[in-house]
Structures are given as C-alpha cells and as structure tokens.
Amino acid sequence: MKEHGKNIRLVHNPAAGDDSNGDKDELCQLIEDLGHNCTVVTKKDAVKKIDPQTDIIALAGGDGTIRMTVMGLLEKKLRFKRPIAILPQGTANNIAISLGIPLDCEKAIGLWRNALLKKFDVGMVIGLEKKPLYFIESIGFGVFPTLIKKMDKKKRKILVQKMKSKLH
C-alpha cells in the first residue's frame with residue numbers, strides 16, 4: 001500500500017562502502033515505490049538550497065556523510081527542522097547500528113511506514129586549539145589523533161613525491 005507522498009531529499013555518496021550498495025537511481029525508485037517524491041543531491045550539496053517543502057532528508061552513505069550533513073545542517077540553522085533518515089552504505093555504519101537501523105537500505109526504507117522519530121545528541125568538546133569540536137558517535141583524544149594526523153601528512157608527502165617522480 002502506498003503512503004501519501006512526502007518530499008524526500010536523498011543525499012547520495014556514491015563513494016561510500018563497496019559496490020554492493022544501491023546506486024542513487026535504485027534508492028530513488030525504492031523511495032518512489034512507497035509513494036514519495038525523491039530529489040537526489042550529492043554529498044557536497046547536502047545542505048545547499050533545501051526546498052522548504054522537503055519533509056525528510058535521507059542520507060545514503062556512511063558515518064562521514066552523516067556527520068558532514070548533520071554538522072552542515074546545524075550551521076545552516078534552518079527555519080524548520082526536518083527528520084533525517086539514514087540509509088547505511090558505508091564501511092562501518094556505526095551511527096546506523098547504534099540507532100538500530102538495518103544495514104539493508106531496502107529494509108531501512110521499509111521502516112519509514114511506521115517510523116518513530118528518535119532524537120540523538122551532538123556532542124561538543126573544546127580542545128587544545130580552544131575552538132569547539134562537534135561529534136555524533138564518538139571522539140578520540142590523546143596520542144592517537146595526533147599520530148593519525150602525522151601519518152596522514154606523511155602519506156600525503158609520499159604520494160606527492162611518487163606523483164612528481166612519475167612526471168619526471
């Protein structure tokens with residue numbers, strides 16, 4: 001039985017997870033099969049020009065896509081708050097798992113019929129740089145984030161060196 005149509009803004013990250021994830025057209029079709037209207041935007045456009053008629057923002061991606069969109073929505077200070085629906089397509093999907101959302105997108109969309117809204121907190125800490133850092137699911141501190149940051153810089157330097165050597 002089809003529901004009365006809601007306007008769904010599907011934020012799709014095609015780079016999330018692996019090849020077994022549904023593409024944006026498949027996900028949109030699943031949403032439209034429930035009787036909803038579906039508009040697809042990319043991850044980078046997640047919070048740009050949100051139509052006032054949007055009822056739900058569906059996030060098809062992983063924890064990074066969810067975090068980026070939620071943080072963008074918080075900064076945007078929208079006039080009307082909209083529910084977020086998570087369609088897990090990442091590698092770990094920790095946020096979806098902690099909220100009890102099925103990892104199968106079709107099953108997750110199917111739950112919308114009888115969905116109960118769940119509130120979740122966004123945490124904030126102030127670090128050594130004295131600026132607020134926001135998080136949803138977890139935060140790391142101590143020596144490990146410093147090591148990760150240094151390793152990322154080192155990996156970037158190595159990649160740049162390899163690219164330069166290939167050009168010469």
Taking segment 35-57 as the region of interest, how many residues are open to solvent by 60 Å² or more (accessible area, probe 1.4 Å), in contact with an Asp or Glu (Cβ under 9 Å, 6 or more places away or on another chain) and outside any strand (DSSP E or B)? 0
Answer yes or no as to whether residue 156 is in contact with an Asp or Glu (Cβ under 9 Å, 6 or more places away or on another chain) and open to solvent by 90 Å² or more (accessible area, probe 1.4 Å). no
Does residue 32 satisfy the criteria of being of a type outside the set (Lys, Arg), modelled with pLDDT of 90 or more and part of a helix (DSSP H, G or I)? yes
Of the conditions (1) more than 26 Å from residue 98 (Cβ to Cβ); (2) without any contact (Cβ under 8 Å) to a residue 40 or more places away in the chain, residue 46 fails just one. Which one is it? (1)
Is it the case, given these coordinates, that residue 24 is within 18 Å of the chain's Cα centre (by Cα), open to solvent by 50 Å² or more (accessible area, probe 1.4 Å) and of a type outside the set (A, V, I, L, M, F, W, C)? yes
Got at least one residue in segment 105-115 being part of a helix (DSSP H, G or I), open to solvent by 60 Å² or more (accessible area, probe 1.4 Å) and either β-branched (Val, Ile, Thr) or over 23 Å from residue 30 (Cβ atoms) (or both)? no
When (1) under 29 Å from residue 14 (Cα atoms); (2) at pLDDT below 75; (3) open to solvent by less than 100 Å² (accessible area, probe 1.4 Å) are applied to residue 163, the one that fails is (3)
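Okay, residues lined up against (1) at pLDDT 85 or above; (2) surrounded by fewer than 10 Cβ atoms within 10 Å (Cβ to Cβ); (3) assigned to a loop (DSSP other than H, G, I, E, B):
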site: 59; (1), (2), (3): yes, no, no
site: 72; (1), (2), (3): yes, no, no
site: 91; (1), (2), (3): yes, no, yes
site: 117; (1), (2), (3): no, yes, yes
site: 125; (1), (2), (3): yes, no, no
site: 148; (1), (2), (3): no, no, no
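The values are calculated or read from the model by the stated rules, or taken from the named source; none is laboratory data. Please read all numbers here as calculations on a predicted model, not as lab measurements. Cβ atoms come from the backbone with ideal geometry, glycine included; neighbour counts cover every protein chain shown. Please note that ligands, DNA and RNA were not included when accessible areas were found on the heavy atoms of the full protein model with its side chains. Shrake-Rupley method; radii C 1.70, N 1.55, O 1.52, S 1.80 Å.
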